[in-house]
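S.K.: Before we start, here is the structure in question, set down as structure tokens.
FYI, it's all coordinate maths here, none of it is from the lab. Everything quoted here is computed from the prediction, not taken from an experiment. Cβ atoms come from the backbone with ideal geometry, glycine included; neighbour counts cover every protein chain shown.
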């Protein structure tokens, strides 16, 4: 569904991504992990078209994403940003409605079908009862669910999540990611999520891609990538890997 | 969704009625009604009413229209600037655009001041050019990375605005003869009379306000930052440029005929946002209606406070607006707000 081939990105003279290749199939969650500064957010920004790629291709179903207009691209791919400061005076409904942008005409008219899509998206993330609340009054976990609903309202086959659980408490991290996983599997979405928590990646991703200094070091199932030797080297700190007592997914413990 | 518009329209109708009724001669609502029904029947009016009718047609109505359009322009462009800069203190006056437009208007006036239609048409055009130059200069000076911090915006706006004002004063002093008229214009208010200024202003205003009315959705997106706006499908640079040009055109049209009137563009969008929330699809039209109504009320006050002498309405809006500005600034400091 989403295919990166030899993607390279530079900020000025500094090259941040070196010929990164990866692909995400419909119906799977791929976690992008790696230490701070590895280029996870840069990759997200390049794929979503906010910064230009220097070389390589970003394709979906044969379409070159960078060649599309922002509006066309927004029909393929939705982004759940890091829980950043949201404009607090907006209501939840108004916020999620913005997800319909790529389908509105130039007058910005909203159709009943758009409203229905927004309602379903809110229902999906269990936030329908928040619709009339102002975003500024919500907790971090609720805000993140609203941002997920906004991305779902975009009705795209691809979903990018940029550290969606940063600054969230444990229960919000787990509930958000299990919801994302369920959406990927039931709605056949291709999900690429940058995560800095290795154990969340291990628990909720179908596949894991390890990025270090802008290069893909390893990719595969959580068991294949979250190995003590790979992780110790990537993060420059010795770690142990044990099995999760129930789910059997790997657990990374720093020494 | 309907209620705020309904209230704003009632407020505007009352303000228009006041503005037509009050002045050196008071015309009561009953008399207004008699005149209106007389016109409707096409009947000749008895004598005092005939004089009143002349006053209404030749003086009160054009002035009311000019002030209402000016207020609408300032309210609408103020809301647009606030959304564009993501800054609650942006207002055509505080960010220097009004002063920039004033400079252009005075340049156009000092070249030639013919009271002809085409001579008048050139004034808003010149004001528009300098307004655009000012807004780009202020934005460029105030920008840090992708955002425009409040303090930078106000500082750059004040500095550039002061420079433009100094040039304006210099030009006015050089062009001796018309000094008094230009000064009255600069302080804001309906120093220009008759229907010609209204008709000259109208085309610029219709274009500018028309674009702003359809910018609500884009402004909503921009509140989430350029990056998210683009990811949601907005061509960010193009949208911002269009809105900036439209807001500056609107400001320039207002300044060219009514002078520099501060704070309406700050107060009105702010109050509307407090009452009806931050959705720009609602905020822009409400600020346009509210701006027209508030400036009409201020203008009526300016006519009666020192009656029979008239105050420039810019003095009144500044007297009410400056304390409001300080209050907003304090609120902004105390709570990350809006």
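S.K.: Would you mind classifying chain A by shape? Square roots of the alpha carbon gyration tensor eigenvalues, ordered a ≥ b ≥ c; an a/c under 1.5 is rounded, otherwise it is prolate if a/b is larger than b/c and oblate if not.
M.R.: Oblate.
S.K.: Hey, what D do you get for region B:213-338 in µm²/s if you plug the Kirkwood alpha-carbon radius into Stokes-Einstein at 37 °C and 0.692 mPa s?
M.R.: 200 µm²/s
S.K.: Now, a different point. Cut-off is 10 Å between beta-carbons; in what order do A:215, A:145 appear when sorted fewest neighbours first? Each step should come with its number before you reach the end.
M.R.: Numbers: A:215 14, A:145 25.
Going from sparsest to densest Cβ surroundings: A:215, A:145.
S.K.: Would you mind ranking B:274, A:1, A:71 by Cβ crowding within 10 Å, fewest neighbours first? Please list the in-between numbers first.
M.R.: On the way: B:274 11, A:1 20, A:71 16.
Starting with the residue having the fewest Cβ neighbours, the order is B:274, A:71, A:1.
S.K.: Using a ≥ b ≥ c from the Cα gyration tensor of the protein assembly as shown (square roots of the eigenvalues), is it rounded, prolate or oblate, where a/c under 1.5 gives rounded and otherwise the larger of a/b and b/c decides, a/b for prolate?
M.R.: Details: a/c = 2.94, a/b = 2.29, b/c = 1.29.
Prolate shape, in that a/c is at least 1.5 and a/b is the bigger ratio.
S.K.: Here's another thing I want to ask about it. Run through every distinct alpha carbon pair of chain B and return the Kirkwood hydrodynamic radius in angstroms, one decimal place. Walk me through the numbers on the way to the answer.
M.R.: Numbers: mean 1/r = 0.0491 Å⁻¹.
Evaluated on chain B, it is 20.4 Å.
S.K.: Between residue B:170 and residue B:207, what FRET efficiency follows from the Cβ-Cβ distance if R0 is 35 Å, with the result rounded to 0.05? Before the final figure, lay out each step's value.
M.R.: Values: r = 31 Å, r/R0 = 0.90.
The pair residue B:170/residue B:207 has a calculated efficiency of 0.65.
S.K.: So, one more: Over chain B, with a Gaussian network built from C-alpha contacts below 10 Å, which listed residue (B:238, B:282, B:63) shows the highest mean-square fluctuation?
M.R.: B:238
S.K.: Additional query: Pop a pseudo-label 7 angstrom from the Cα along the beta-carbon direction at both residue A:5 and residue A:75 and give the gap in nm to one decimal.
M.R.: With each label point 7 Å from Cα toward Cβ, the separation is 2.4 nm.
S.K.: Expressed in nm to one decimal, what extension gain is obtained for the pair residue B:33 and residue B:309 from 0.36 nm per residue of sequence separation less their Cα-Cα distance? Let's see the in-between values first.
M.R.: Values: separation 276, 0.36 × 276 = 99.36 nm, distance 2.78 nm.
Additional length available on full extension: 96.6 nm.
S.K.: Under a GNM of chain A (C-alpha, springs under 10 Å), which listed residue has the highest mean-square fluctuation: A:58, A:217, A:33?
M.R.: Answer for the Gaussian network model of chain A: A:217.
S.K.: Using only Cα atoms, find the angle between the long axis of helix B:195-213 and the longest principal axis of chain B, and express it within 0 to 90 degrees, rounded to the nearest 10.
M.R.: 30 degrees
S.K.: Compute the long axis of helix B:150-174 from its Cα atoms, compare it with the longest principal axis of the Cα atoms of chain B, and write down the angle in degrees, 0 to 90, nearest 10.
M.R.: 50 degrees
S.K.: Also, quick follow-up: Between residue A:15 and residue A:67, what is 0.36 nm times their sequence separation minus the Cα-Cα distance? Round to one decimal in nm. Display every interim value, and only then the final one.
M.R.: Numbers: separation 52, 0.36 × 52 = 18.72 nm, distance 2.18 nm.
Here the segment from residue A:15 to residue A:67 would lengthen by 16.5 nm.
S.K.: Report, to the nearest 10°, how far helix B:117-142 tilts away from the longest principal axis of the Cα atoms in chain B, using its own Cα long axis and a range of 0 to 90°.
M.R.: In chain B, helix B:117-142 runs at an angle near 30 degrees to the longest axis.
S.K.: In which sequence would A:161, B:221, B:326 go, from the one with the fewest C-beta neighbours within 10 Å to the one with the most? Could the numbers behind the result be given before it?
M.R.: Numbers: A:161 27, B:221 24, B:326 10.
Starting with the residue having the fewest Cβ neighbours, the order is B:326, B:221, A:161.
S.K.: Using 0.36 nm times the number of residues separating residue B:199 and residue B:6, minus their current alpha carbon distance, what extension gain do you get?
M.R.: Details: separation 193, 0.36 × 193 = 69.48 nm, distance 2.72 nm.
Answer, rounded to one decimal: 66.8 nm.
S.K.: Just want to confirm a number: the relative contact order over chain B, from Cα pairs under 8 angstrom separated by 6+ residues, in percent. Don't jump to the answer; show the numbers that get you there.
M.R.: Numbers: 546 pairs, mean separation 102.8, N = 338.
30 percent.
S.K.: How far is the Cα center of region B:262-315 from the Cα center of region B:1-31, in Å?
M.R.: 14 Å
S.K.: With a 10 Å cut-off between alpha carbons and a GNM built on chain B, which of B:145, B:278, B:225 moves the most?
M.R.: Highest fluctuation among the options: B:145.
S.K.: Distance between the C-alpha centers of region A:192-207 and region A:152-169? Whole Å please.
M.R.: Centre-to-centre (Cα) distance: 13 Å.
S.K.: How much FRET efficiency would the formula 1/(1 + (r/R0)^6) give for residue A:107 and residue A:82, where r is the Cβ-Cβ distance and R0 is 30 Å, rounded to 0.05?
M.R.: Details: r = 32 Å, r/R0 = 1.07.
Given R0 = 30 Å and the Cβ-Cβ separation, E is 0.40.
S.K.: I need the shape label for region A:203-255. Rule: rounded when a/c is under 1.5, else prolate if a/b > b/c, else oblate, with a, b, c from the alpha carbon gyration tensor.
M.R.: Values: a/c = 2.75, a/b = 1.25, b/c = 2.20.
Oblate, because a/c is 1.5 or more while a/b does not exceed b/c.
S.K.: If you don't mind, there's one more thing I want to ask. Starting from the Cα coordinates of region B:44-92, work out the convex hull volume and express it per residue in Å³. Let's see the in-between values first.
M.R.: Working: hull volume 3.4 nm³, N = 49.
Per residue, the Cα convex hull of region B:44-92 comes to 69 Å³.
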